[in-house]
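Below: one structure, written as structure tokens.
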Amino acid sequence: MELYTPVLALIALAGGFAVFSVAVSTLTGPKRYNRARLDSYECGIEPTPQPFGGGRIPVKYYTVAMTFIIFDVEIMFLVPWAVYFDQLSWFGLIAVVLFLFNITLAYAYEWRRGGLDWD
């Protein structure tokens, strides 16, 4: 437990700072609300009207997000392989080639289905 004392102290300090910052900002912040402040922020353009309940979001956004996560995880697996490339020899090379082959098949499938088009 002695080794974790600095980590626990840092967590407590960070949590205390977060709670303190939120409390001070609500107490000292301005309380003037107007239409522009209550609207959602859309980079200076006029916000588009949304139906009651929030409206529908196209599935394309989720597809792009999942593609990003897949390729992010791919890099997470390739970096340790690159660091220990000399020690893994042929087994490591064959394993990574098979891994990249599977990822390439998924990428080609999504590309062929039009998952990467922004139309």
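The values are calculated or read from the model by the stated rules, or taken from the named source; none is laboratory data. Please read these numbers as outputs of a predicted model, since none were measured by experiment. Glycine gets a Cβ as well: all are built from the backbone with ideal geometry, and neighbour counts include every protein chain shown.
Some notes on this structure:
- Cβ pairs under 7 Å, 6+ apart, first in region 91-119 and surrounded by fewer than 10 Cβ atoms within 10 Å (Cβ to Cβ), second in a helix (DSSP H, G or I): none
- Exactly one residue out of Thr67, Thr48 is at pLDDT 80 or above, among the hydroxyl-bearing types (Ser, Thr, Tyr) and either exposed (fewer than 10 other Cβ atoms within 10 Å of the Cβ) or touching a helix residue (DSSP H, G or I) at 6+ places or on another chain (Cβ under 7 Å) (or both), and it is Thr67.
- Scope region 24-45; condition modelled with pLDDT of 80 or more and assigned to a helix (DSSP H, G or I); matching residues: Val24, Ser25, Thr26, Leu27, Thr28
- Criterion violated by Arg56 - all others in (1) surrounded by 12 or more Cβ atoms within 10 Å (Cβ to Cβ); (2) in a loop (DSSP other than H, G, I, E, B) satisfied: (1)
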